[in-house]
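Data first, discussion second: the structure below is written as structure tokens.
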Amino acid sequence: MRSILAFAVTTLKGGVRDRLLQGLVLVGFLLIVSTAVFSSFSMRQPLEVAINYSLSVIHILSIIMTLFFGLNLIARELDSKENHFILSQPIPRSSYLIGKYGGFLLNIFAIVTILGLFSIMGLLLMISGAKGSVSFPLMKFVSALLGIFFSCSILGAIIVLFTSVATSSIFPFLMSCAVYAIGENTQTVRRYIASGMVGKEFPPVFRLLTDIIYCIFPNFALFDFKAYAIYGLPFSGRLLLVSVAYGVTYVAVCLFFAVVLFEKRDI
Amino acid sequence: MKRIGLGILLLLLVALTTYYYPKLQRAYEPSLRLHRLPPAFALKISSFGNKELMATLIFYNTEFYFGEKAGFRKETPELKLIYDALNKATDLDPRNMDCYYFAQGTLSWIKPAIPVLNKLLEKGFKHRPWDWYLPFFIGVNYYFQLKDPVHAAKYMKKAARLNPRSPVLATLAARMLYQGNQTQAGIIYLKSLIRETTNPLFRKKFEKRLHALEAIYFLERGIKRYEEKFGKSPLEIHDLMRTGIIRKTPVDPYGGMFYIGKDGRVYTTSKLAEGWSKDERHKDRKIRKSVPKRGS
């Protein structure tokens, strides 16, 4: 456990050393300014557009950061043989892998929190300047941020899984991008087929294939709580709990297979 | 020293080209088009979980197109493509009020567009059941364009129930129910829109229509006075001037000419319309050529 913690802290420090946080503060300022500019073109719903823009930018940035940071985590170290010394020590490989993932989670948490705080500041500034009484759905906004964090956590676990078998950093990058693209759309495609829009000539094999893909790949749409925050729609705590449970179990499964494969690997 | 001179020269060149290129660009740039978007399903997939942002971006693209086409270039925007873009944007995010508001602002003046516009607004009302604007818009479209006061009053009552504080809604609902003066109801509606809108281009559009309706209302009151005075209806607008009831015919801001229809009501050759399609615009031009006379 101590070694896991040590790896996690080292990974977090790596993020700080890479001037990640300084860069994020700059992005945060840009986010505040650009939110005000972007929402000013709205005719009837500037606050909704501002919340939409803030959450979408945080989502896109977090996914990009996850992809690049996740790859730096282990794959680059394996490429440059930096971690060979550590792995030759009498430390379980599972500790190394899980510790690294823990550090990655801390970094992603910092990214989402910092950007989220900047967004909330920007949105509160907008509301203070608005005419009439405007309410800001803070808890729903935080839930949407939590959804983004869980999406990134799952994507990070997938990167770790592919890294545990890959011999270069390109393979896990491409595979993770593919899994993200599929996972983000499986629900949409499945619902589209279920709606009957595809017609009777749609092969049943494809229908079955879509169902299999839906079950195997992560369903990122489950963590999309943006609409609740944008329009202040009624939000169920049970939905959040189910999503969190799904996310945690999916990450656990990915890490389990990653550890099994990484332990069998020749380095 | 040489480097500073070169730097200043380069800056001057940039300033010079920045000054000149907008003029050249205006002279050579092709006609502004709003491109047809792929199906909503494809847009949803390519948004990677940010369909609300994608819907906003489609709306902004449509809004900027309309602004540049109608406001900057003074050309007729392609309203069918505007509808297509807004319909797809609301398929991605059916709660995006900007899209419905913009659709009402641009398409509600064109009669052939009303069935599809009302369908779009119905979609909005289904997903924004708390928003009084949507039934208000649907009611207005039923009343003024489809001449269906029963449906109009049904929606106006829904709007009044959602916004009980608004005196305008209650007044309009009552007028629609009792089939009162349509022009007066239109003036009330437009004044409420002008009060609420923040967009200068839309405000200009609403004010133009308000001026036209005020002119029609002015003529309608003239006809009423003529009927009271002479016990019969005037055949043409000129009769009102000849008898001294009005001093001059008001100007139609849409470029048409006012005339009295067979039913005794005031019409204009412009139909107060901006084209939904090219065919419609041609039809308008043909009508404008001959001002119909009552009784002819």
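Laboratory data are not the source of any read-out in this text; all were calculated from the coordinates shown. As the structure is a computational prediction, the values presented were derived from the model and not from experiment. With ideal geometry, Cβ positions are generated from the backbone for all residues, glycine too; neighbour counts draw on all protein chains shown.
At a threshold of 8 angstrom on Cα-Cα distance, excluding pairs fewer than six apart, so keeping six or more, what relative contact order does chain B reach in percent? Write out the running numbers ahead of the final one.
Numbers: 328 pairs, mean separation 34.0, N = 296.
Relative contact order, chain B: 11 percent.
Taking only the Cα atoms of chain B, how large is their convex hull per residue, in Å³? Before the final figure, lay out the partial values.
Numbers: hull volume 60.1 nm³, N = 296.
Cα-based convex hull of chain B, divided per residue, equals 203 Å³.
So what is the orientation-averaged projected area of the stretch B:193-240, using the convex hull of its C-alpha atoms, in nm²? Before the final figure, lay out the partial values.
Working: hull surface 16.3 nm².
So the mean shadow area of the Cα hull is 4.1 nm².
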Degrees separating the helix B:51-66 axis from the principal Cα axis of chain B, which is the longest one
70
Considering chain A as a Gaussian network with a 10 Å cut-off on Cα pairs, which listed residue, A:Leu145, A:Leu155, A:Leu24, attains the greatest mean-square fluctuation?
A:Leu24
Normalised contact order of chain A, rounded percent, pairs of Cα under 8 Å and 6 or more residues apart
27
Shape box of the stretch B:30-131 [Cα atoms, principal axes, largest first, Å]
36, 30, 19
Inter-site label distance for A:Arg17 and B:Lys111 at 7 Å from Cα along Cβ, in nm
7.6
Per-residue Cβ counts within 10 Å, from other chains only, averaged over A:52-60: what number is that?
4
Beyond 42 Å, what share of the Cα-Cα pairs of the protein assembly as shown is found? Please give it as a whole percent.
41
Using the count of nearby Cβ atoms within 10 Å as a rough guide to exposure, how do A:Asp224, B:Asp148, B:Asp131 rank from fewest to most?
B:Asp148, B:Asp131, A:Asp224
Quick calc of log₁₀ I(q)/I(0), the stretch A:143-267, Debye, one scatterer on every Cα, no solvent, q values 0.09, 0.20 1/Å, result -0.32, -1.14
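Report the calculated FRET efficiency for A:Thr113 and A:Thr10 (r = Cβ-Cβ distance, R0 = 25 Å), to the nearest 0.05. Walk me through the numbers on the way to the answer.
Details: r = 20 Å, r/R0 = 0.81.
FRET efficiency, A:Thr113 to A:Thr10: 0.75.
Roughly speaking, what is the stretch gain from B:Arg203 to B:Ser233, that is 0.36 nm per residue apart minus the C-alpha to C-alpha distance, in nm to one decimal? Let's see the in-between values first.
Numbers: separation 30, 0.36 × 30 = 10.80 nm, distance 3.57 nm.
Stretched fully, the B:Arg203-B:Ser233 segment lengthens by 7.2 nm.
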Output the Kirkwood hydrodynamic radius of chain A, Cα pairs only, in Å rounded to one decimal.
20.1
Within 10 Å of the Cβ of an average residue in B:40-52, the count of other chain Cβ atoms is 6
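Using R₀ = 45 Å, calculate the FRET efficiency as 1/(1 + (r/R₀)^6) where r is the Cβ-Cβ separation of B:Arg73 and A:Val244; round to 0.05. Working shown, then result.
On the way: r = 52 Å, r/R0 = 1.16.
Once rounded, the FRET efficiency stands at 0.30.
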Assuming R0 = 30 Å, what is the FRET efficiency of A:Leu233 and A:Tyr192, from their Cβ-Cβ distance, to the nearest 0.05?
0.85
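Suppose we take every Cα in the stretch A:178-252 and form the convex hull; what volume per residue is that in Å³?
Values: hull volume 8.6 nm³, N = 75.
Each residue corresponds to 114 Å³ of Cα convex hull volume.
Compute the signed sum of charges (Lys and Arg +1, Asp and Glu -1) over the other residues within less than 14 Å, Cβ to Cβ, of A:Cys215.
Values: positive: A:Arg190, A:Arg207; negative: A:Asp211.
Computed value for this residue: +1.
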From the residues A:Leu123, B:Thr249, A:Asn185, which one has its Cα farthest along the dipole of the protein assembly as shown in the positive direction, the dipole being from +1 and -1 charges on Cβ of Lys/Arg and Asp/Glu about the Cα centre?
B:Thr249
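In whole percent, what relative contact order does the stretch B:30-131 give with Cα contacts below 8 Å and a gap of six or more residues? Don't jump to the answer; show the numbers that get you there.
Working: 92 pairs, mean separation 28.8, N = 102.
Dividing the mean separation by the residue count of the stretch B:30-131 yields 28 percent.
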